[in-house]
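Here the structure comes first, spelled out in structure tokens, and everything after it is commentary.
The values are calculated or read from the model by the stated rules, or taken from the named source; none is laboratory data. Just so you know, these numbers come straight off a predicted model, no measurement behind them. Glycine also receives a Cβ, built like all others from the backbone with ideal geometry; neighbour counts cover every protein chain displayed. Note: areas computed on protein heavy atoms with side chains; ligands, DNA, RNA excluded. Shrake-Rupley method; radii C 1.70, N 1.55, O 1.52, S 1.80 Å.
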Amino acid sequence: MYTVWIKKAEDLAQEFFKDDASGHDVFHTMRVRSQAVSIAKEEKADVKLCELAALLHDVSDEKFHFTQSAGKEYLNEWMVTQNIPSDIRNKLQQIIESVSFKGGNGKQTETLEAGVVQDADRLDAIGAVGIARCFMYAGFHRSPMHHPEQQPRYNLTEQEYRDNSASAVTHFYEKLLTVKDMMNTPTGRRRAEKRHKRLENFLDEFYSEWSGTS
């Protein structure tokens, strides 16, 4: 049945994110899906469960709903209509609830599959694609590219993390540069090392050009 559920989840993601311009579009979902499948195979996790969770991981996110509970209910109702058994629904909800960054204060992963999907989602937040998404997100929320006097905030609450006043460059320090040390799996940590280096290289080049004299 996973084959059918996965196809239905693809269709849901395509429809749900068709108008997104914040960096959480369907292409993000598909990259996370591919990454989750790849990591799951290396880590000997349940590949199909990880793939389905990855396809659904943003559908219930509270930023797309009025409340967190509303997002969870939306996803659960969809899973019920797909005749997904309650034990698998519970596993999917548990994985998905572990994924969100939430200022670094997200729920700790309790299963290998949750760690795999969380790693896949976080990898898409760093590296070259992560840099592009960071500036796309800032532009979507009309946040500045960079403000030299703005200081990054650490140990953010979830509410502070959802605040969109930080510049794109500040977001590097508040989130992107912290991701490498928050990975769950050996595969995720190895891939994050490479992407983290791209963040550092970008910032070096960015600051060298910011003054307009180089």
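Just from its helices, what would the mean residue ellipticity at 222 nm be for the chain, if runs of 4 or more DSSP H residues each count -39500 (n - 2.57) and the sum is divided by every residue, rounded to the nearest 500 deg cm²/dmol?
My calculation for the chain gives -20000 deg cm²/dmol from helical runs alone.
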Arranged from highest to lowest average of other beta-carbon atoms within 10 Å per residue, in what order do the peptides 109-118, 55-64 appear?
109-118, 55-64
In Å³ per residue, the alpha-carbon convex hull of the range 1-77 encloses 93
For the range 74-88 and the range 1-27, write down the distance between their C-alpha centroids in whole Å.
16
If unit charges are put on Cβ atoms (+1 for Lys and Arg, -1 for Asp and Glu) and the dipole of the range 133-189 is taken about its Cα centre, the option from ALA168, MET136, GLN151 lying farthest towards the positive end turns out to be MET136
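Show me the ranking of peptides 17-29, 179-191 by mean Cβ neighbours inside 10 Å, starting with the highest.
Put in order of decreasing packing, that is 179-191, 17-29.
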Each residue of the range 28-43 in order: what ³J(HN,Hα) in whole Hz does its phi give by Karplus 6.51 cos²θ - 1.76 cosθ + 1.60, θ = phi - 60°, with x for Gly and Pro?
4, 4, 5, 5, 5, 4, 4, 5, 5, 4, 5, 5, 4, 5, 5, 8
Round to a whole angstrom and tell me the spacing of the C-alpha centers of the range 173-196 and the range 119-150.
15
Counting only heavy atoms of the protein chains, get the accessible area per residue of the chain (1.4 Å probe) and round it to a whole Å² value.
51
If you keep only loop residues by DSSP, which chymotrypsin sites (Phe, Trp or Tyr not before Pro) in the range 151-199 have at most 12 other Cβ atoms within 10 Å of their Cβ?
TYR154
Ignoring everything but the protein chains, give the 1.4 Å probe accessible area of THR3 in square angstrom, nearest 10.
110
Charge dipole (debye, nearest 20) of the range 1-90; +1 at Cβ of Lys and Arg, -1 at Cβ of Asp and Glu
260
Short version: ³J(HN,Hα) in whole Hz for each residue of the range 132-144, in order, from phi by Karplus 6.51 cos²θ - 1.76 cosθ + 1.60 (θ = phi - 60°), x for Gly and Pro, what are they?
4, 5, 4, 6, 5, 5, 4, x, 4, 9, 6, 8, x
Go through [x] 16.1, 49; [y] 17.5, 62; [z] 16.5, 52 and flag the label whose value is the computed Rg and Dmax of the Cα atoms in Å for this structure.
[y]
In nm, give the distance between the simple-model label positions of ASN164 and LYS197, each being 7 Å from the Cα along the Cα-to-Cβ direction.
3.5
Give me, ordered by chain and number, the residues 5 or more places off GLN150 or on other chains with an amide H under 5 Å from its own placed amide H.
none
Would you work out the charge dipole size for the range 162-203 about its Cα centre, treating the Cβ of every Lys and Arg as +1 and the Cβ of every Asp and Glu as -1, and quote it to the nearest 20 debye?
320
